[in-house]
1. Just to be sure before I move on: is R116 closer than 14 Å to G207 by Cα and of a type outside the set (V, I, T) in the structure I sent?
2. Out of G354, G350, G336, G377, report the one residue that is of a type outside the set (S, T, N, Q) and in contact with a Lys or Arg (Cβ under 6 Å, 6 or more places away or on another chain).
3. Could you say whether any residue in the range 484-504 is in contact with a Phe, Trp or Tyr (Cβ under 8 Å, 6 or more places away or on another chain), more than 25 Å from K623 (Cβ to Cβ), polar (S, T, N, Q) and not assigned by TED's automatic domain parsing to the domain that holds L576?
4. Run D136 past the list (1) at pLDDT below 95; (2) closer than 13 Å to R67 by Cα and report the number of the one that doesn't hold.
5. Can you pull out every residue in the range 214-237 that is on the phi > 0 side of the Ramachandran plot and out of contact with any Ser or Thr (no Cβ under 9 Å at 6 or more places or on another chain)?
6. Looking at this structure, is N260 in the same structural domain as L45 (by TED's automatic domain parsing) and either touching a Phe, Trp or Tyr at 6+ places or on another chain (Cβ under 8 Å) or modelled with pLDDT of 95 or more (or both)?
7. Which one of these does V419 not meet: (1) of a type in the set (A, V, I, L, M); (2) surrounded by fewer than 21 Cβ atoms within 10 Å (Cβ to Cβ); (3) within 32 Å of the chain's Cα centre (by Cα); (4) closer than 20 Å to K531 by Cβ?
8. Is it the case, given these coordinates, that I61 is within 21 Å of Y337 (Cβ to Cβ), in contact (Cβ under 8 Å) with a residue 40 or more places away in the chain and outside any helix (DSSP H, G or I)?
Amino acid sequence: MKHIVCVFSFLLISLAAFAGNYNGFKVSVYTKAYTVEKMKDLHWLDSTWNVIAGQIKVDKIYLETHRDLLIIPDETLEQAKKFFREKGVETGGGITYTINEMNNFETFCYSNPEHRKLVQEIAEHTAKHFDDFILDDFFFTSCKSDIEIKAKGAKSWTQYRLELMTEAGQNLVIKPAKKVNPKVKVIIKYPNWYDHFQGLGFNLATGPQIFDGVWTGTETRDPAGSQHLQNYLSYNIVRYFENLRPGHNFGGWVDSGGSNLGMDRYAEQLWLTFFAKAPEIALCAYDELIGVSLRPENHRTPWQGQATSFDYDEMAKPVNLNGQTATPTTIARVAGYTFETINKFISKLGKPVGIKSYKPVHSSGDDFLQNYLGMIGLPIEMVPEFPADQQVVLLTEQAKSDPELLSKIKTQLQKGGDVVITSNLLKAIPEKIADICELRIPDNALVSDFGRLGQAKRDILIPQVLYHTNDAWEVISAGRPLNGGVSGYPILLRAQYSKGNLYVLTIPSDFGNLYDLPAGVLNEFRRIIGKDVDIRIEAPAQVSLFVYDNGTFIVESFLDKPVTIQVLTNESTEKLTDLVTGAVYDKLPPPPVPSGFDFFFLMMNGGEKTNKYRVSLPPHSYKVFTKN
């Protein structure tokens, strides 16, 4: 009986230790092999952990067993595991399958017998120590050795690598790991460059199914960097990977990249990951949490002091965690402060919903466009299957890879739904689209004037979408100038087919020019494309909307200056309540009844009736609401 009581007491202590520090999410730290190797020195481990634990509450730590041919010995791993368990922190494993990161992220060659043997040994070694482990970013191959060239044969590199990495995942990692430890969960972390995965062997058709789960790279860093990843990707990518296999996207992953723009940029990546309802976040990496020091001259942005969502001065105040008071010194405190802030409301949000955009696996074209659309206030929900349950389906050039696409578009239109295609999809498959409406794109044009909807501050290069007069209608037009000019081109074109409407959304040659479009143009985009979402905004570009199925929503500004926007709801919503402050927003008085052309335009669009609310946002800040 005494033995049973002791066991029960141990289980209670373990459950208490691993209960989690936050409401509805977990915080983890990923540790690279070079850092794990240093953990053989307990003094170093204790002193560095105190730096982290004094600034942020951590639920779990992932200890990497291999990177760049460095394999961590058994005794070091076990010593580190014991240390963290005594601190009440869970442990998991990690593997980075690189030969040499510094050599263009040199990967293993998975047809090379020697490499295959080592890959398997590393998986077995890791499974021996952990009940779950993550394959960091690099479980792909860029190898073009003579062995791989011969093995590829007549296949394309994409086809060859997709097949090769599926086989390697099953036979070199998953099966050997589970043979050593039947309880182990093998999780693959996919990075942020999802539109190019297939070329390197990341197989989104098979990977989420054969692995026990996926993790999501939500690092967007500096949008002007070489990848040009927009802020919204930190949200959007979580949703897409969740839709690949619902319930098996276990978390998001952020590093300190982009903190050179100010700590607001780092904090944004963290909270956007959780806006997408990721259940866990991994901070990459341990060495960054102890090594990236706070420097107010670089990290405190010019717009601080305006009641921003991330408050640098509040973050920098002494903090008491684990019964000890510490002065923030590193980026770890930025993360800790951010999680404490969102912990007040994140569990109150429902399931994210949005405008469904169909991206088949292994597809390319309009690369990463949905993230730009998210940045102009369209709440996006990327899905790997054509959505048959929506009023509006958004199709970018990615959809061209579906051989049955035309049939699916027609079915949507014939049931009375709408389809919005981008100009690049039209350009890719004009013959198929011609079966619905005969359109063509012969050349490009410069535009800056959008008539009654406003002026752009610069010329924008767009494709010229041409059509037969009276077979299609321009919903939004642009010229240079449009008013008093001699030519104009559609920015949004509508063509009726059966019971529905096919819209063509003209995308500038430089996607970034979407941010130069006047607010009036963006408001029309939101009205027409967002019919499946019962919230929308009227705002300039770089203000985003996140909507949930329980009546909650978030508006966030990525602008460097304050902005006032309008939130539009249906007539049944009488008030909005701020979930953080409790402030109540009353609807605005109805506008005067329009006359002349404005009245004609209103009637053309169904005489829509909405309630409007005025919301002011500080720079780089969000507000969280529920409808009443």
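The values are calculated or read from the model by the stated rules, or taken from the named source; none is laboratory data. The structure presented is a predicted model; accordingly, all values stated were derived computationally and were not measured. Cβ sites come from the backbone with ideal geometry, for glycine too, and all protein chains shown count toward neighbours.
1. no
2. Residue meeting the stated conditions: G377.
3. No, the conditions are met nowhere in the range 484-504.
4. Result: D136 fails condition (1) only.
5. Residue satisfying the conditions is H228 alone.
6. Criteria not met by N260.
7. Failed condition: (2).
8. Judged against the criteria, I61 is a match.
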